[in-house]
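Here is the structure we will look at, set down as structure tokens.
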Amino acid sequence: MINKGILRQFLAATAGSLSIMNVGIILGWTSPIMEELLGPDSPIPMSVDETSWFVSVIDWGLILGSLPFGVLADRWGRKPSLQIIGPMALATWVALLYVDTFQGLLAVRFAQGLLAAGAYTVLPVYAGEIAGPKIRGALGTMFQIMMYVGILYVYAAGMFLDYRHLTYAAMAGPVVFCALFATIPESPHFYVMKNRLADAKQALVWLRGDDTGSSVDDEMDSVVECICKEMRNASFTELFTDWVSLKALIIVQGLSVFRVMAGVTALISYASITFAEMHVAVDANKLSLVFACSVLFSALPSTVLADRVGRRPLMIVSCASCFAFDTAIFAYFYVDRCTGYDVTEYGWLCVLAVGGLSVAHTLGLGSLLSTINCELFPSNTRSIANAVNTITLTVASFLALKIYPVLADDGGMYRNYLISSVFSLTSIISCCLWLPETKGKTFAAIQAQLRKTDDLV
């Protein structure tokens, strides 16, 4: 029989992860409507260059929203900081129904970027802090799984709905999130940080499924001792002045860049135009839907493997596989456009390589980054470190989304995957040399491990 506490922790993580599902809807919404926006009957006419701004402007909201949400998470709490995302996301979808200019569209997308910053910054912290050490990796993968659920939802709906009706369909995400997350408790770690020990124990009792509270006393004592030590001996500036913290920060920022530049991030937004160049007799939007399915279902094994195999081996396998598939996709597009050789009959091999890339990416780079980011930092700098990480992710994502259609224009799609191959190769070397293993360790044990050694391995 499954432990009641484990079920409750998965319930809490899933409810919280509905916030990132809304981010998936926001990100994926652009792909199904891209053809309509570029067509003669576009509700908001725009050029190819303008579509790159339409897709990437969300990242400016992510950059500006990350640090404020990190501060709010430490002052107001993890749960309230996530809760405000729901009604505000609903408001942006309503606004899109009335926007009829390109500038207005950019303004709404920027606002959606601010909300996405909240989910990216706060959710990994919340999910990591409510989880027991033995299932923290599994709960951390919910972040990526629910984002892919949102993308799959909007891709599927986009096969049948136009711009306006797809916007109506997107409103379901915020409504479901608001309804379910309201019943979930705050992070016990936050309560301890604010010296609300009774509330912390009550939340911990619910999360561990122990209605008497008799079995959580040791964990409660450990949390209090760890946070008291962190709050006494550490400060925000230590994130940049302490060598161990700084090295951990550099490792996480590197992983963030590798995650974006592996190629899947741009594929999510530009799936339809990418598949259109693969010479297969299937509608590009249908292939986009299959791509979204492969991304979602490939995330499921990492839920089990993260706490059995470990973070480090999965990341290395993920990076190596991304390199192999990026190289294969690059080779297909290069031969197609630069050699004159007819590759039409091999189009399905490229489609399969894209599917393999999505699986490889999700196995480690896509699913484990939020968990690793949460684990390597103490409680008092965890939210700010995650905010810094979100900014790094955003800058890399903005650049990737901005240059992808530009490089792809006039038959240069292969250039995108040459760049992705180089970054994936670099990520293999980086993970082998510097990524520590944190599987099954408490936050206190991880900090003790990092302080004990200078090389984080």
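Taking the range 33-45, which residues are surrounded by fewer than 21 Cβ atoms within 10 Å (Cβ to Cβ) and either in contact with a Leu (Cβ under 6 Å, 6 or more places away or on another chain) or β-branched (V, I, T) (or both)? Walk me through how you get there before you give the answer.
Our first condition is that a residue be surrounded by fewer than 21 Cβ atoms within 10 Å (Cβ to Cβ); within the range 33-45, this holds for 35-45.
Hit for the range 33-45 is I44, nothing else.
Which of the residues belonging to the range 1-32 are outside any helix (DSSP H, G or I) and either in contact (Cβ under 8 Å) with a residue 40 or more places away in the chain or open to solvent by less than 50 Å² (accessible area, probe 1.4 Å) (or both)?
Initially, the range 1-32 is screened for residues outside any helix (DSSP H, G or I), giving 1-3, 29.
Scanning the range 1-32 gives N3, W29.
Considering T371, T394, T362, T381, which residue is on the phi < 0 side of the Ramachandran plot, open to solvent by less than 10 Å² (accessible area, probe 1.4 Å) and in contact with an Asp or Glu (Cβ under 6 Å, 6 or more places away or on another chain)? Before the answer, list the steps.
Working: T371 fails: in contact with an Asp or Glu (Cβ under 6 Å, 6 or more places away or on another chain); T362 fails: in contact with an Asp or Glu (Cβ under 6 Å, 6 or more places away or on another chain); T381 fails: in contact with an Asp or Glu (Cβ under 6 Å, 6 or more places away or on another chain).
Going through T371, T394, T362, T381 in turn, the sole match is T394.
Output the residue which, of all residues in the range 71-84 that are open to solvent by less than 10 Å² (accessible area, probe 1.4 Å) and over 16 Å from the mean Cα position of the chain (by Cα), is nearest to A12 (Cα to Cα). Full working, then the answer.
Of all residues in the range 71-84, those open to solvent by less than 10 Å² (accessible area, probe 1.4 Å) come to 73, 77-78, 81-82.
From the residues that got through so far, the ones that are over 16 Å from the mean Cα position of the chain (by Cα) too are 73, 77-78, 81.
Details: A73: 17, G77: 15, R78: 12, S81: 15 Å.
So, considering only residues that are open to solvent by less than 10 Å² (accessible area, probe 1.4 Å) and over 16 Å from the mean Cα position of the chain (by Cα), the one nearest to A12 (Cα to Cα) is R78.
So which of G412, G355 is open to solvent by less than 10 Å² (accessible area, probe 1.4 Å) and closer than 30 Å to V282 by Cα? Don't jump to the end; show me each part of the working.
Values: G355 fails: open to solvent by less than 10 Å² (accessible area, probe 1.4 Å).
From the options G412, G355, the qualifying one is G412.
For the range 111-128, state whether one or more residues are open to solvent by 10 Å² or more (accessible area, probe 1.4 Å) and without any contact (Cβ under 8 Å) to a residue 12 or more places away in the chain.
no
Criterion first (more than 25 Å from V149 (Cα to Cα) and within 20 Å of the chain's Cα centre (by Cα)) does L27 satisfy it? Break it down stepwise before answering.
Values: more than 25 Å from V149 (Cα to Cα): no; within 20 Å of the chain's Cα centre (by Cα): yes.
No, not satisfied.
Just to be sure I understand the filter: pairs with C-beta atoms under 7 Å, separated by 6 or more residues or on different chains, first member in the range 151-176 and open to solvent by 20 Å² or more (accessible area, probe 1.4 Å), second member among the polar types (S, T, N, Q). Which pairs pass?
M159/N285
Would you mention how many residues in the range 117-166 are in a loop (DSSP other than H, G, I, E, B) and of a type in the set (V, I, T)? Working first, answer last.
First, the residues of the range 117-166 that are in a loop (DSSP other than H, G, I, E, B): 131-135, 141, 159-162.
Keeping just the survivors that are of a type in the set (V, I, T) gives 135, 141.
Result for the range 117-166: 2.
For the range 305-326, name all the residues that are within 20 Å of V280 (Cα to Cα) and touching a residue at least 40 places away in the same chain (Cβ under 8 Å). Spell out how you get there, then give the answer.
Filtering the range 305-326 for residues within 20 Å of V280 (Cα to Cα) gives 325-326.
Once the filter is applied, which keeps residues that are within 20 Å of V280 (Cα to Cα) and touching a residue at least 40 places away in the same chain (Cβ under 8 Å), the range 305-326 yields only D326.
Restricting to the range 243-263, what's the tally of residues that are free of Cβ contacts under 8 Å to residues at least 60 places away in the same chain and within 10 Å of N389 (Cα to Cα)?
Pass one, the range 243-263, residues free of Cβ contacts under 8 Å to residues at least 60 places away in the same chain: 246, 250.
If we keep only those that are within 10 Å of N389 (Cα to Cα) too, we end up with 250.
Of the residues in the range 243-263, 1 are free of Cβ contacts under 8 Å to residues at least 60 places away in the same chain and within 10 Å of N389 (Cα to Cα).
Please indicate, with yes or no, whether at least one residue in the range 56-70 is assigned to a helix (DSSP H, G or I) and under 30 Å from D210 (Cα atoms). First the steps, then the outcome.
Residues of the range 56-70 assigned to a helix (DSSP H, G or I): 56, 58-70.
Of the ones still in play, those that are also under 30 Å from D210 (Cα atoms) are none.
No, the conditions are met nowhere in the range 56-70.
Considering each residue of the range 95-128, count those that are at pLDDT 90 or above and of a type in the set (D, E, K, R), and give that number.
Count: 1.
When the residues of the range 273-294 are narrowed to those that are assigned to a helix (DSSP H, G or I) and touching a Leu at 6+ places or on another chain (Cβ under 8 Å), which ends up modelled with the highest pLDDT?
In the first step, residues of the range 273-294 are kept if they are assigned to a helix (DSSP H, G or I); the result is 273-275, 284-294.
Checking the rest, the ones that are also touching a Leu at 6+ places or on another chain (Cβ under 8 Å) come to 274-275, 289, 291-293.
Details: T274: 83, F275: 80, L289: 74, F291: 72, A292: 72, C293: 78.
This residue is T274.
The values are calculated or read from the model by the stated rules, or taken from the named source; none is laboratory data. Source: prediction; values computed, not measured. Neighbour counts are summed over all protein chains in view; Cβ atoms, including those assigned to glycine, are modelled from backbone coordinates with ideal geometry. Please note that ligands, DNA and RNA were not included when accessible areas were found on the heavy atoms of the full protein model with its side chains. Shrake-Rupley method; radii C 1.70, N 1.55, O 1.52, S 1.80 Å.
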